[in-house]
Amino acid sequence: MKKLLMLVITLPIFVGCASITSSKLQPVSVQTVIDGKEVSGVGCSLTNDAGKWFVSTPGSVTVQKSTGDMTVDCMKEELRGREVLVSKAQGMLWANIIAGGGIGYVVDRNTGAGFDYPNSITVFLNKVSAAISSNTEPAK
């Protein structure tokens, strides 16, 4: 019983909340591709509920983490592309729920520190004229 009590008391010390042990910021690399070929010099904006960041491809930008997904919009002349980065909970976040009774979870959720986006994204580009013509129906 004493060992179990000591484990319960010391476990939160070793687990720590992600807000303390992880950064609230994350670098994300972006590349753009059309027809299987990389296209450089494409301007992209990355947007989530914590802010908006800009990068020219291929390149990296440091974004603020969030529980919300991030939209990546890219464009250059007649080329456009959009992808969504899904925000996923880190394993440390779940340990906070178990060990800390949820207090660490609330902090990590509010700061975004307990969540991550994929480290890199490939945005597939389309020509605007092709995208418009394939999305429109003939007049009736």
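The values are calculated or read from the model by the stated rules, or taken from the named source; none is laboratory data. Predicted model, so just to flag it, every value in this text is computed and none were measured. Counting neighbours? That spans all protein chains shown, and the Cβs are built from the backbone with ideal geometry, glycine included. Remember, those area values only see protein heavy atoms, side chains included, never the ligands or the DNA or RNA. Shrake-Rupley method; radii C 1.70, N 1.55, O 1.52, S 1.80 Å.
The requirement of being in contact with an Asp or Glu (Cβ under 9 Å, 6 or more places away or on another chain), among the aliphatic types (A, V, I, L, M) and at pLDDT below 95 is fulfilled nowhere in the stretch 46-69; no residue meets it.
Residues that are of a type in the set (D, E, K, R) and outside any strand (DSSP E or B) were ranked within the stretch 22-40; the one that is most open to solvent (accessible area, probe 1.4 Å) is Asp35. When Arg109, Arg82 are checked against the criterion of being modelled with pLDDT of 95 or more and open to solvent by 80 Å² or more (accessible area, probe 1.4 Å), a single residue qualifies: Arg82.
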